[in-house]
Structures are given as C-alpha cells and as structure tokens.
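One structure is given below, encoded as structure tokens.
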Amino acid sequence: MVPASSKSYSLRVHCPYGDYDDWISLHGRTESLEFLSSTVCSFECPTHGLQSGFPLEVVERNSSASPAQTTSPPSAKEAAAKKPRRSGERKPYHVPVVVYGWSKSAGSFHENSTTIKFNASGALVKIVSRVDLGEKLFLVNKFTREEQEVRVVFIDPLSTGGCEVGLAFAGPIPNFWRKTRRSQRSPESVRVIIRGQDRRGNPFAQSSHTLDISEDGARLDNVAYLTSPGQIIEVKRRWHGKARFRVAWIGQLGSSESNQIGICTLESGKLPWKSKLPPPKASKPSKKS
C-alpha cells in the first residue's frame, strides 16, 4: 500500500546535448520537493536517447495521490512561458570547418566540411566518414584555426551518400564561430625541431620553421611525417625551451598549404617563440573634455 502522504510531481528536464525540453511525471513519491530538485533524474530524449541530469523545475501536482491517478504537467501555454530560451539561435550559415578524430566505424579520419547550421552549443555538418552516437571528435573553425572537442549527438544518413551529423560542445561557446582570431598571428620565421610519432608509432624528429606565430599556436612549414590532425607533438627552439602542441589541421596535398600544419598550444604561456611575439597594442588614451 502507498502511504497516505504520497505525492505526485511534474519535473521539467532538459537534454544536455540539444534543445529538447519537456515535463515528466512522478507518482506515489514520499520525497520532498526540495529533495527531488537536488537529485539527478533519468529521462528519455527522442533524439539522443536515455539521459540524466538535475531537473530545471519541480512542481507538486497533487497531495495524497495514488499511483494509478494520472496527473498532467502544466498546460502548454504555462510550459511555453517557462521554457528557457536556447543557448543560441540556430543560424543557417556556412562556416568552413575540419572534422577529425577516430571512430569505431571509420577509424582515423580527417574531413573538410561546411556547417549547415550552428549555434553556441554546436553545429550540424555533412561528412562522408561513418561515426557513431556518443563518439568524441574534434572540430576546427577554419576562419580562426581554433578547435574544440565535440560529441556526436545526431546522425541522419543521406540517400546521396554520407550523413548529416550533429556535433555538440561540452558547454555553450558563443565565440567559437567568430571569423577573427582570438589572438592575432604575426608573420615570423623561427627555426624549430619537431618530435613525435609517425602513423606506425615510430618516434621521429625533424627540422621545420614557423610561417606565422601567436599566443595560441603557429603555422609550420616543411613537415613531412604527420598524417592526421589530433596528434600531439613537441616543438623545441634552441636555447628557448620546448612545449607540447596538438596538430589542429594539415594542408591538403597539391594545395598552397601542402606540407604545412597548424598547431594549438597545450601549455598556455609556454611558447618557444614568445620573445618573437609583438607587444600588445597600447590602448588609446581617452580624450580630455
């Protein structure tokens, strides 16, 4: 028998990998409203499957309700009024990107693509490589050469080949889609030594030089060993130290960027070419009235 003090609640839940927002009902519960508000609950997202998270809102629907008694969530108008806005408007803009990583279905892959839609939480892109829901990949904005780890949250196979894939950031990143770099690159040739592993796992070391540098990374030329983005390398400049970097992109063979790579720092502030960076521009003094 259910105790006479049992209650029914409506919980508003939100999928962390998309814009799904809905109400679920709990019946015959003895917990307090405060307890349910601070407890993780499980729910089914129609797009991303079983999810779990803290409810956005908990409403007590009826005291002393029996399990068989059905309770309806707030009305559609009430729910719509309380429904939070999306983390960012979905924009049907085309931004050139690189999608790369490792998938159980495709192995290691690296593809140039263009966004179909994007917002602060991620993007919808078309790729040829087969990926699976939940896999973690990397996404590079080719305007800024910045990269972020993303998770595959949606897959829609296309009859013409390939598929449309929804990629979600770990959290909203409103500035990822800007067209200007976070820190300006400065043209500078600095001789460096690259150390890493080739595609067979054998260590290598080779000489290279920068084409441009910044506080976030650099563009290197005359690189022959690396075969895919995502690899971790060590870059050393004689007498100026060394640092670890992730390869963000690799120039296409036959293009003007052939044998070039873009690298992003993994050790912020530890740059072998820091002495070569131009000083920050001084802010203009305010005019006296």
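The values are calculated or read from the model by the stated rules, or taken from the named source; none is laboratory data. Bear in mind the structure is a predicted one, so any value in this text is a computation, not a measurement. Cβ: placed from backbone, ideal geometry, glycine included. Neighbour counts: every protein chain shown. These accessible areas exclude ligands, DNA and RNA; they are computed on the full protein's heavy atoms, side chains included. Shrake-Rupley method; radii C 1.70, N 1.55, O 1.52, S 1.80 Å.
Does the range 122-183 classify as rounded, prolate or oblate by the C-alpha gyration tensor (a ≥ b ≥ c root eigenvalues; a/c under 1.5 gives rounded; else a/b over b/c gives prolate, otherwise oblate)?
Here the range 122-183 falls in the prolate category.
What's the ranking of 150-160, 241-251 by average number of surrounding C-beta atoms within 10 Å, highest first?
Packing order, densest peptide first, comes out as 241-251, 150-160.
Non-local amide H neighbours of Leu56 (under 5 Å, H modeled in plane, Pro and chain starts lacking H): which ones?
Arg12, Val13, His14
Over the Cα atoms of the range 192-266, what Rg and Dmax result, in angstrom?
11.4, 35
Suppose the chain between Ile173 and Asn259 were pulled fully straight at 0.36 nm per residue; how much longer would it get relative to their current alpha carbon spacing?
27.9 nm
Pop the C-beta distance of Asp132 and Glu234 into the FRET formula with R0 = 30 Å and round what comes out to the nearest 0.05.
Step by step, r from the Cβ atoms, then E = 0.40.
Name the long-range amide H neighbours of Lys142: under 5 Å, sequence gap of 5 or more, or other chain; modelled H, no Pro or chain starts.
Val97, Val98
Rounded to the nearest percent, how much of the accessible area of the range 139-205 (1.4 Å probe, protein heavy atoms only) is carbon and sulfur?
Of the solvent-accessible surface of the range 139-205, carbon and sulfur hold 45 percent.
Non-local amide H neighbours of Ile116 (under 5 Å, H modeled in plane, Pro and chain starts lacking H): which ones?
Leu124, Val125, Lys126
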